[in-house]
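Colleague: One structure follows; several queries about it will come next.
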Amino acid sequence: MNIFLKAVQRINPSHPDEPKKWYLVQYTTKMVDESEVARP
């Protein structure tokens with residue numbers, strides 16, 4: 001299983017006029033079956 005990182009910009013909700021900050025977000029990709037996708 002691979003682990004990927006991507007950079008995203010997010011604002012501070014309490015100070016929306018400030019510049020956005022960069023954060024790393026981890027996401028994974030893998031094959032899943034229907035029961036795993038349909039889990040509540």
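Colleague: I want the local charge near L24. Using Cβ-Cβ distances under 12 Å, sum +1 for each Lys or Arg and -1 for each Asp or Glu among the other residues.
Modeller: Taking every other residue near L24 into account, the sum is +3.
Colleague: May I pose another question? Could you compute the FRET efficiency for V8 and M31, with r as their C-beta to C-beta distance and R0 at 22 Å, rounded to 0.05? Can you show the working numbers first?
Modeller: Working: r = 25 Å, r/R0 = 1.13.
The computed FRET efficiency comes out at 0.30.
Colleague: Any idea what the alpha-carbon Rg over 2.2 N^0.38 Å comes to for the chain?
Modeller: Cα-based Rg divided by the globular estimate yields 1.78.
Readers should treat all values here as calculations from the given coordinates under stated rules, not as data from a laboratory. Values in this document were obtained by computation on a predicted structure and should not be read as measured data. Heads up, the Cβs are rebuilt from the backbone with ideal geometry, glycines too, and the neighbour counts pull from every protein chain shown.
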